[in-house]
1. Give the residue that is modelled with the lowest pLDDT, with candidates limited to residues of the stretch 20-31 that are part of a helix (DSSP H, G or I) and surrounded by 10 or more Cβ atoms within 10 Å (Cβ to Cβ).
2. Got at least one residue in the stretch 45-67 being within 23 Å of W139 (Cβ to Cβ) and of a type in the set (S, T, N, Q)?
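The values are calculated or read from the model by the stated rules, or taken from the named source; none is laboratory data. Everything numeric in this text was worked out from a predicted model, so none of it was measured. FYI the Cβ positions are ideal-geometry reconstructions off the backbone, even for glycines, and counts take in every protein chain you see.
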Amino acid sequence: MDRFNMILCIVLVLPLMVTHVNSEFSAEDCWALGLNKANLLCSSCDILKKHDLEFIRNHCTECCHHDETSPAIKRYAKAILEVCTCKFGAYPQIQAFVKSDRPAKFPNLQIRYVRGLDPIIKLIGKDGDVEEVLAIEKWNTDSVDEFLNTHLESADSKDSEPDYLKTNKI
């Protein structure tokens with residue numbers, strides 16, 4: 001009987017020890033959990049608490065890549081979202097973004113209506129030149145919002161003179 005208990009203990013405890021030693025999940029394990037190991041950054045796992053998803057954080061950290069080596073995010077002084085109102089039917093997510101109150105959060109975002117144009121975002125540098133043009137026809141409203149939050153300089157960070165007409169300061 002002692003020998004049977006010892007074998008049973010080894011059979012039950014050994015897999016737990018191996019799991020503890022090899023704590024990083026395989027790509028298949030992560031996929032089964034609904035996580036894509038190929039492009040999951042560990043900084044994304046830190047955001048889970050904000051969305052009341054703290055219970056999957058341990059799994060997330062075992063499937064993520066550390067993003068210390070990722071390049072710094074390039075920020076732009078201004079963005080221009082160009083779209084045609086005649087194509088709003090084909091791009092309802094872009095229409096929803098443009099018609100919502102979301103663009104008001106970005107004072108350095110200009111919406112320009114250009115006849116016949118598929119939706120694009122032009123990113124403008126500090127010198128006023130167009131640095132990048134991105135096609136956004138497959139983006140949803142949250143993608144546009146997140147992209148602008150990430151890549152547009154905040155209005156507070158401008159190094160220009162204060163507008164005394166708006167502030168009423170001398």
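1. Applying the first criterion (part of a helix (DSSP H, G or I)) to the stretch 20-31 yields 20-21, 27-31.
Then drop every residue that is not surrounded by 10 or more Cβ atoms within 10 Å (Cβ to Cβ), which leaves 27, 29-31.
Details: A27: 83, D29: 87, C30: 87, W31: 86.
Checking each candidate, the answer is A27.
2. no
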